[in-house]
Every structure is written in structure tokens, then in C-alpha cells.
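J.: Pasting a structure below so you can have a look.
The values are calculated or read from the model by the stated rules, or taken from the named source; none is laboratory data. Keep in mind that what you see is a predicted model, and the values were worked out from it rather than measured. All Cβ positions, glycine included, derive from the backbone under ideal geometry; neighbour counts span all protein chains shown. Ligands, DNA and RNA are stripped out before the accessible areas are found, and what is left, the full protein with its side chains, is counted by its heavy atoms. Shrake-Rupley method; radii C 1.70, N 1.55, O 1.52, S 1.80 Å.
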Amino acid sequence: MKEKVMSFFQEVISPKLNAFASNDLVRVIQAGMTAPMGAMIVGSIFTILQTPPVSSDATGVMGALLAWSQANAGWLKIGYLFTMDAIAIYTVIGIVVAFCRIKKLAPTNMIILSLMSFFILCCDIVMTDKGLTTITATFLGAKGLFSAIIVSCVVVYLSILLRKHGVKIKLPDSVPPSVAEPIENLIVNIVVVGVFIGLRLLLAYYGSSLPTLINLLFQPLLNTSDTLGAVVIYVLILRGLWFFGIHGGNVTGAIMNPILTANMMANIEAYSNGEAIPYIFTSSFANALLNVGMLPLVIAMLIVCRSAQLKSISKIGLIPAIFSIGEPITFGTPIVLNFKLVIPYMTAFLFDGVAYYLLTDWNFISRTVVNVPFTLPAPIKAFLCTLDMRAVVVWAVLMVINVLVFIPFLRSYDNDCLAMEQQTDETR
């Protein structure tokens, strides 16, 4: 039975999933959503400093922090605006750079062309009361994220198509590349910019804009993504793929990262403005609360395992597991196609996902408002992403429950490993 299941996934399912995860467009979107992570983490720091999680009547150290924040609101706001509120710009750059690496294109002109096209479609020019000309930044942040993805991908594909059909100014080979690139791409640039100006005028004629239209189309998807059912499906697919030896993060991330990042950015924006936090299921919720590595299994191993195999694997995997890296345990135990451990492996993490979602929905723990690095230890991530110590208490309780869930199944598997080691020793 095990051999048939393994053969089916290796020969039928795995190639299709790997092909999907290896698709150029999927890889580009993944890279593009990862590229602004540094800006998002820095922006999270400004968000906390700008809006510290303390009450307005706080005293002592917390009161001093609040007073300092209010006194320095001006430059803290600038830090927020040029990190979080410019995330769509950084996403455009990230996607274009990733595309150029895959397609082996010079990135400079493509980045400039994509940014021009994005600004043309997503920014409005307005006159201030003092007669100054400025542009609106409404769609340079979270609200323009989906537009950034679509515009940058369309620009690159359209540019490649035009160049493929000979739309290019040919210069002698003696011209330096830095000089030749903008001149060779001049006609392409004019055509692409012309297309996007035409699209803007067409949408404006009907009283709309690209970001408004895209956000309207994606809103039902965003609403559906922020449900308990979405969390359950996400965890089942993520852990199920890992069980069959497929990198679950790559497959689920390709689909969910843009959606969860948009949810996260909306949360940060609402928190910064002192508004109600709209979403539970965000990129930070997934990375900090759901994807916490294999630490409970390692702890259970250290408690009950006697076989040399599992004892050595637990020692090797402990440090990575503390930093949310589970591959040594996943492949060393192994978890892959290990039907002795599939029940606790699936149920423990599914229980965590349901518990975190419901407790957040019931306002027992706060919603995620801070982006944190994936490799931080889990309790630190739980606090930082929510700014709520109750999240750490929940993490500790769930950790104990997970370890207890793993122990009986792990003890049975450890006995099998021990018997196999003894049999091997006897036959030497």
C-alpha cells in the first residue's frame, strides 16, 4: 500500500506540483512578494514606534514611550510612508528583477519602464490649496499591491513580445551597453507607455482606475481568504504536501502569498491609523503562528525516544527547529510517508491553526500587525507579530498539547526503530 501511494505521488502528483511551482510566472510572483520583506520589517518598527501598543493614560516607562512617539510623530510618519506605504513600488522592482534574471534581460530599463507604467495607471496629479502640484499616494502601498503585480508582469511580457518581433533600434556593437540599452529600447518604451496611457484614459472615461477595478475584483477573494475554512485548507495542503515529500511552502506560497501579504498590509495600515484591524489570516499569521517548524516533535523525541536513529535526529534537529526550520526533522525522522506519525503530524498543526484563528476571532489574542522574520524563535514571533503577550501564553499551551499528541505515536514508532536496530546488531 505504501509503495503504491509513493509511486502515485512521485509519478503523477509530484511532477505536476513541481511544474506549477517552477513556472516562470509563479517563481517571479514569489520572488516579487519576498523582495520588499526588508522594507516591511523596517516599516513594522516604524509602525510600532509611531503607534506604540500602550493606552493613552499610560504612566511610567510606557507613558514616556507614548510621549516620545507623539513628540516625534513627524519623522516616524516619514519612516512609515517610505516603507509600508510604498510597498507596491518595491514589489514592482522585485518582480521585474526576478523576471529579468529568469529571462536573462538587462534589468535597468525594464525597472524604469515598469515604474513609469505603474505610476501612469495608479497615481493622480492634484493641486494643493497653495497651488503646488503633487501626486496621490493612495495606491503606492497595500491598496496598489495587486496592481503592482499585474502591471510589472504585463510590462515585461509586452516588452519581450515587442522585441521578439523586431521592435528595436539596432546599434553597432561598439556602443557601450550602458549607452545602447536605453536607445535600443526606445521604441519599446514608447509603445508600452502609450498602451498604458491609453488604458488609463479608457478607464478614466468610465470613471474608474486600474487599482480600483482590480481591488473590486479581488475583494471577494480577500474576504474568502480570511475565514476559518481557508486556514484549515491551507494547513492541510501545506502539511499534506510535506508528508508526501513536496515542499509545501513553495506550492501554497505561490498561491497565497500575494493574498496574505495584501491582508497583512491592510492590517498594518489600519493599526497605524488607529482603526479596527480587518484581517485575521495574514502573511504574518501564517509565518509566525502556523509555520512554526517541528519543535513539538523534537521535544517529544527528546522525552521518549530510545532508538539511536531518533535520538541523534532530535539532537541534530533541535537548534534548527527552535528557529522554525523543520527540514532536518521532516526528512531525517522521516515524516515523509511515515504513516506511523501522519495522524499527530496533521492533527497537531491543524489544531493549532483552528485554535489561533478562533482565539483571534474571539479577541482573546490580538490580530497580527507586525511583519517578523520567519526564522525568529516561535514565542518571540508570536509576541512581536501581535504585540500581545497572550499570544505567547497560547503558544506555550499549544506546544504542550502538541508534544502530548506526538508522544504516544512517537513511542510506537521509536519501538519499531529500536527493534530494527537490535535486529541489525544481531545479524552483524
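J.: For the condition in a loop (DSSP other than H, G, I, E, B), open to solvent by 20 Å² or more (accessible area, probe 1.4 Å) and small (Gly, Ala, Ser), what is the one hit in Gly274, Gly293?
T.: Of Gly274, Gly293, the one residue that is in a loop (DSSP other than H, G, I, E, B), open to solvent by 20 Å² or more (accessible area, probe 1.4 Å) and small (Gly, Ala, Ser) is Gly274.
J.: Which numbered condition trips up Thr34, out of (1) modelled with pLDDT of 65 or more; (2) open to solvent by less than 40 Å² (accessible area, probe 1.4 Å)?
T.: (2)
J.: Within the group Val96, Val126, Val61, which residue is crowded, with 22+ Cβ neighbours inside 10 Å, at negative phi and either among the β-branched types (Val, Ile, Thr) or touching a His at 6+ places or on another chain (Cβ under 6 Å) (or both)?
T.: Within the list Val96, Val126, Val61, the selection yields Val96.
J.: A further question follows. How many of the residues making up region 148-158 are in contact with a helix residue (DSSP H, G or I) (Cβ under 8 Å, 6 or more places away or on another chain), among the hydroxyl-bearing types (Ser, Thr, Tyr) and surrounded by fewer than 24 Cβ atoms within 10 Å (Cβ to Cβ)?
T.: Within region 148-158, residues that are in contact with a helix residue (DSSP H, G or I) (Cβ under 8 Å, 6 or more places away or on another chain), among the hydroxyl-bearing types (Ser, Thr, Tyr) and surrounded by fewer than 24 Cβ atoms within 10 Å (Cβ to Cβ) number 0.
J.: Going by what's in this entry, would Ile214 be described as surrounded by 21 or more Cβ atoms within 10 Å (Cβ to Cβ), at pLDDT 85 or above and assigned by the TED database to the domain that holds Ile87?
T.: Judged against the criteria, Ile214 is a match.
J.: Under the condition of being open to solvent by less than 60 Å² (accessible area, probe 1.4 Å) and within 17 Å of the chain's Cα centre (by Cα), which residue from region 16-31 is modelled with the lowest pLDDT?
T.: Ala21
J.: Another question, if that's okay. Among the numbered criteria (1) modelled with pLDDT under 85; (2) closer than 20 Å to Val97 by Cα, which one does Phe139 miss?
T.: Result: Phe139 fails condition (2) only.
J.: I'm trying to understand the selection: among the residues of region 360-377, which are touching a helix residue (DSSP H, G or I) at 6+ places or on another chain (Cβ under 6 Å) and open to solvent by less than 40 Å² (accessible area, probe 1.4 Å)?
T.: Ile365, Thr368, Val369, Val370, Asn371, Val372, Pro377
J.: Please enumerate the residues belonging to region 298-322 that are among the hydrophobic types (A, V, I, L, M, F, W, C) and free of Cβ contacts under 8 Å to residues at least 24 places away in the same chain.
T.: Across region 298-322, the qualifying residues are Leu302, Ile313, Ile316, Leu318, Ile319.
J.: So the check is Cβ under 6 Å with 6+ separation or different chains; which pairs have a first residue in region 77-96 that's modelled with pLDDT of 90 or more and a second one that's surrounded by fewer than 24 Cβ atoms within 10 Å (Cβ to Cβ) and among the acidic types (Asp, Glu)?
T.: Close Cβ pairs satisfying both conditions: none exist.
So that you can scan it fast, the table gives a plain yes or no per residue for (1) closer than 30 Å to Leu49 by Cα; (2) open to solvent by 50 Å² or more (accessible area, probe 1.4 Å):
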{"site": "Cys305", "(1), (2)": "no, no"}
{"site": "Tyr356", "(1), (2)": "yes, no"}
{"site": "Phe383", "(1), (2)": "yes, yes"}
{"site": "Met399", "(1), (2)": "no, no"}
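J.: Would you be able to say whether some residue in region 408-427 is assigned by the TED database to the domain that holds Val232, closer than 24 Å to Ser284 by Cα, open to solvent by less than 30 Å² (accessible area, probe 1.4 Å) and not in a loop (DSSP other than H, G, I, E, B)?
T.: No.
J.: Tally time: how many residues in region 242-269 are among the hydrophobic types (A, V, I, L, M, F, W, C) and open to solvent by 20 Å² or more (accessible area, probe 1.4 Å)?
T.: The qualifying residues number 5.
J.: Would you tally the residues in region 277-290 being open to solvent by 10 Å² or more (accessible area, probe 1.4 Å) and assigned to a loop (DSSP other than H, G, I, E, B)?
T.: Residues in region 277-290 being open to solvent by 10 Å² or more (accessible area, probe 1.4 Å) and assigned to a loop (DSSP other than H, G, I, E, B): 3 in total.
J.: As an exercise: evaluate Val336 against (1) open to solvent by 10 Å² or more (accessible area, probe 1.4 Å); (2) assigned to a helix (DSSP H, G or I); (3) over 19 Å from Leu289 (Cβ atoms); (4) aliphatic (A, V, I, L, M) and give the number of the one condition it does not meet.
T.: With (1) open to solvent by 10 Å² or more (accessible area, probe 1.4 Å); (2) assigned to a helix (DSSP H, G or I); (3) over 19 Å from Leu289 (Cβ atoms); (4) aliphatic (A, V, I, L, M) applied to Val336, the lone miss is (2).
J.: Still on this structure, please answer the following. Looking at region 249-270, can you tell me whether even one residue there is part of a loop (DSSP other than H, G, I, E, B) and either outside the structural domain of Ala148 (by the TED database) or closer than 30 Å to Val28 by Cβ (or both)?
T.: Looking through region 249-270, none of the residues is part of a loop (DSSP other than H, G, I, E, B) and either outside the structural domain of Ala148 (by the TED database) or closer than 30 Å to Val28 by Cβ (or both).
J.: Looking at region 297-335, which of its residues are of a type in the set (Val, Ile, Thr) and over 28 Å from the mean Cα position of the chain (by Cα)?
T.: Ile303, Val304, Ile313
J.: Could you please find all residues in region 296-323 being under 20 Å from Met420 (Cα atoms), part of a helix (DSSP H, G or I) and of a type in the set (Lys, Arg)?
T.: Lys311
J.: Could you grab me the full set of residues in region 180-211 that are open to solvent by 40 Å² or more (accessible area, probe 1.4 Å) and touching a residue at least 12 places away in the same chain (Cβ under 8 Å)?
T.: Those that are open to solvent by 40 Å² or more (accessible area, probe 1.4 Å) and touching a residue at least 12 places away in the same chain (Cβ under 8 Å): Pro182, Ile183, Leu186, Ile187, Val191, Val195, Ile197, Leu199, Arg200.
J.: So is Val393 more than 19 Å from the chain's Cα centre (by Cα), surrounded by fewer than 14 Cβ atoms within 10 Å (Cβ to Cβ), modelled with pLDDT of 90 or more and in a helix (DSSP H, G or I) or not?
T.: no
J.: Another question about this same structure. Anything in region 227-248 that is modelled with pLDDT under 90 and not in a helix (DSSP H, G or I)? List them, or say none.
T.: Residues satisfying the conditions are Phe244, Gly245, Ile246, His247.
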